[in-house]
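S.K.: Below is one structure. I have some questions about it.
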Amino acid sequence: MTDRFRIPLAPAGRGGPSQIERLHRANYPEPDLDLDFVPPHWTSQAEHAEAVETSAPEATKDAATDAANLPPLIEPCERDLRAEVTELCQPILDYLSAFVIIEVPDNFEDGYHKPMDTSKPPQPQPSPEAEEFKARKVDLAAQFGAWLESLVEFLTVHRAWTVAEFREQHAEAWRQAREQEAIVDGIVAEHDQSVSEMRKARAALGRANLLYRGHDTVKPNLDTLPSQADLDAWKAENSRLKMECDNADQTVNLELDRQHSLRLRHEQARIKLATLKKSESDLRAKISGQVIPVMGLEQEPEL
């Protein structure tokens, strides 16, 4: 290697950076550190805690609002499916348990030769067929027990699914009933406002009629030699008072029509609300296992 490709290092035993380090520092100087620099999105621990405390009431308020808009959770009635299945299938188990495999012994020869012998005749060894029947009986009992467990599991899962379906339907019925109830309350509030407006309109009509009729008493008499300007002024004021009477009477008629329409709307909305409440009540009864009479007849609970 030639000398022009060599980079001299610092002499041994002498301090200071080597030439390659000096070249690196000259080409890539280290940036000055700003000790006062703060990241734009950085917050201190105290500021973070304060922000959390500030947002906590809003989160609590939102959670309370969400809870207020949720339907009540109806608990299903208690039901022991295992006990019901056991009661239903117990006769089969009892029948299978009482079934005895009997193999009749053949002691004809002994009885023929010893007719007066009262001792118990010897029992033969069980045949393979009898042993096979006993094994099949035990296997049937085991299979039937497994089938009972499968039936209980099926009924339990199906009941949980039905409860979930009924709860979803109840939540929708509850929401619709609440919305319809708000509509009915709004119609009632609007009717109350219309009654107040009607009271004001009738009072205004009474004042307008009083002023209009009273204005006839001040009609200029030609015997008093009024001018044409006096007659024109009276006619203009009379027309204005007549227009006020007509407007007040029209306002009263509009409020009457409004109240009539509100009564019809309220009756329709009230009937719809009663129907929705009945649906919500029936779904609650289904979930809780109550008896729902249909056409005067009681039906078995679905759950």
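Coordinate-derived values only; no laboratory data. Just so it is clear, the structure is predicted and the values come from calculations on it, not from any experiment. Cβ atoms come from the backbone with ideal geometry, glycine included; neighbour counts cover every protein chain shown.
S.K.: If I stretch the segment between Arg258 and Arg82 completely, what's the gain in nm (0.36 nm per residue apart, minus their alpha carbon distance), one decimal?
M.R.: Stretched fully, the Arg258-Arg82 segment lengthens by 57.1 nm.
S.K.: Using the Karplus curve 6.51 cos²θ - 1.76 cosθ + 1.60 with θ = phi - 60°, what ³J(HN,Hα) values do you get for each residue of segment 138-151, in whole Hz, with x for Gly and Pro?
M.R.: Working through the residues one at a time gives 4, 5, 4, 4, 5, 4, 5, x, 5, 5, 4, 4, 5, 5 Hz.
S.K.: Could I ask something else about it? Quick one: which of 252-260, 91-99 comes out on top by average Cβ neighbours within 10 Å, and what's the full order, highest first?
M.R.: 252-260, 91-99
S.K.: Restricting to lysine pairs 8 or more places apart or on different chains, what number in segment 200-303 have Cα atoms under 16 Å apart?
M.R.: 4
S.K.: Between Ala233 and Ala203, how high is the FRET efficiency from 1/(1 + (r/R0)^6) when r is the Cβ-Cβ distance and R₀ = 25 Å? Nearest 0.05.
M.R.: Taking R0 as 25 Å, the efficiency between Ala233 and Ala203 is 0.35.
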